[in-house]
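Notes follow once the structure below has been shown.
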Amino acid sequence: MAAAFFRVVVEGDSMLPTLEPGDRLVVLRSGHRHRLQPGDLVTVRDPREDGPGRVLVKRIADLDRSEAEVIGDNPDASTDSRSFGRVPLASVTGRVLYRYAPAQRAGRVR
């Protein structure tokens, strides 16, 4: 059985100012006691790649029973649903809960 949590390191500027490159995040794996809602920060498999590959950190802008629109907080630096379309909910791998590093930015992520 997979652990309920995993870690992600932020790369790139797509989630500025909420997340900065180098931020380290704790993510609650999908299917573990949570329902996704618009506004949630999530990890999602990059729909431009086959297989498990790259994971993106984005914000849910809208969702229905089977798909989500995911966007970056910094639209000028973000590749997201505005370019690749809505993603299947099955592609969402987890919900971001907490930034544990760097220490001066540690805390719950909203």
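Return the calculated 222 nm mean residue ellipticity for the chain, to the nearest 500 deg cm²/dmol, obtained by summing -39500 (n - 2.57) across DSSP H runs with n ≥ 4 and dividing by the residue count.
-500 deg cm²/dmol
Considering only the other residues whose Cβ falls under 13 Å of the Cβ of SER14, what net charge follows from Lys and Arg at +1 and Asp and Glu at -1? My count for the surroundings of SER14 gives -4. When the dipole is taken about the Cα centre of the chain, and only Lys, Arg (+1) and Asp, Glu (-1) are charged at their Cβ, what size is it in debye, to the nearest 20? That gives the chain a dipole magnitude of about 580 debye. The phi-based Karplus calculation (6.51 cos²θ - 1.76 cosθ + 1.60; θ = phi - 60°) puts the 3J(HN,Hα) values of region 91-105 at 7, 6, 9, x, 10, 5, 10, 8, 9, 9, 7, x, 4, 6, 10 Hz, whole numbers, x for Gly and Pro. Length gained on full extension, ARG108 to GLU11: 33.0 nm, using 0.36 nm per residue less the C-alpha separation. Once you reduce region 1-28 and region 86-106 to the center of their Cα atoms, the two points are 5 Å from each other.
Annotation for ALA4 and ASP50: the two label points, set 7 Å from Cα along the Cα-Cβ direction, are 3.6 nm apart.
Counted by neighbouring Cβ atoms within 10 Å, the residues GLU20, GLU67 run from fewest to most as GLU20, GLU67. For region 80-86, backbone phi angles converted through the Karplus equation (6.51, -1.76, 1.60; θ = phi - 60°) give residue-by-residue couplings of 8, 4, 5, 10, 10, x, 5 Hz, Gly and Pro being listed as x. One chain, two ends: ALA101 and ARG29. Fully extended at 0.36 nm per residue, the span grows by 24.0 nm beyond their Cα-Cα distance.
Relative contact order of region 5-108: 31 percent, from C-alpha pairs under 8 Å at least 6 residues apart in sequence.
When Kirkwood radius over Cα pairs in Å is calculated directly from the model, which label among [x] 13.9; [y] 15.2; [z] 14.7 fits? Only one option fits the structure, namely [x].
Laboratory data are not the source of any read-out in this text; all were calculated from the coordinates shown. A quick note: this is a predicted structure, and the numbers were derived from the prediction, not measured. A quick note on method: Cβ atoms are made from the backbone with ideal geometry, for glycine too, and the neighbour counts reach across all protein chains shown.
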